[in-house]
1. With a 1.4 Å probe and all protein chains left in place, how much accessible area per residue does the stretch 1-71 have, in Å²?
2. Tell me the relative contact order for the chain as a rounded percent, counting alpha carbon contacts under 8 Å between residues six or more apart.
3. May I ask you to compute the full-extension gain from Ser26 to Thr60, defined as 0.36 nm times their residue separation minus their alpha-carbon distance, rounded to one decimal in nm?
4. List the trypsin sites (Lys or Arg not before Pro) within the stretch 7-66 that fall in a DSSP loop (any state other than H, G, I, E or B) and whose Cβ has at most 15 other Cβ atoms within 10 Å.
5. Rounded to the nearest 0.05, what FRET efficiency do Glu15 and Ala51 have when you use their Cβ-Cβ distance and R0 = 35 Å?
6. Read through the labelled values [x] 54, 21, 21; [y] 39, 25, 19; [z] 106, 21, 12 and report the label of the one computed as Cα extents along the principal axes in Å from the structure.
7. Ignoring the sites themselves, what is the longest stretch of the chain with no GluC sites (Glu not before Pro) in a DSSP loop and at most 14 other beta-carbon atoms within 10 Å?
Amino acid sequence: LCVPAVPVLFKQALENMDMEEGKSISLRCELTKADATVVWKKGETTLQASAKYEMKQKGTVAELVIHNAEPEDA
């Protein structure tokens, strides 16, 4: 018996947020499948975990924290 894979969808997509320069900002989305692979991108560039970008995931919630936010992070 072959069961087709169920696609992972957004239950709650990212929303536009105001940020304060120099502060941290947290972007969250909720998925329909727990522990799905999430890749964060800015345009075509894949973001990597660093002192600037912190990626977290627990169950169906994925979060990107941007530390020391700057206008270029929009």
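1. 78
2. About 35 percent, as a whole number.
3. Separation in residues times 0.36 nm, less the Cα-Cα distance, equals 10.6 nm.
4. Those satisfying the criteria are Lys23, Lys33, Lys52.
5. Plugging the Cβ-Cβ distance into 1/(1 + (r/R0)^6) gives 0.90.
6. [x]
7. 45-74
The values are calculated or read from the model by the stated rules, or taken from the named source; none is laboratory data. Everything numeric here is computed off the predicted structure, so don't read it as measured data. Note that each Cβ is placed from the backbone with ideal geometry, even for glycine, and that neighbours are counted across all protein chains shown. The accessibility values were calculated without ligands, DNA or RNA, using every heavy atom of the protein model including side chains. Shrake-Rupley method; radii C 1.70, N 1.55, O 1.52, S 1.80 Å.
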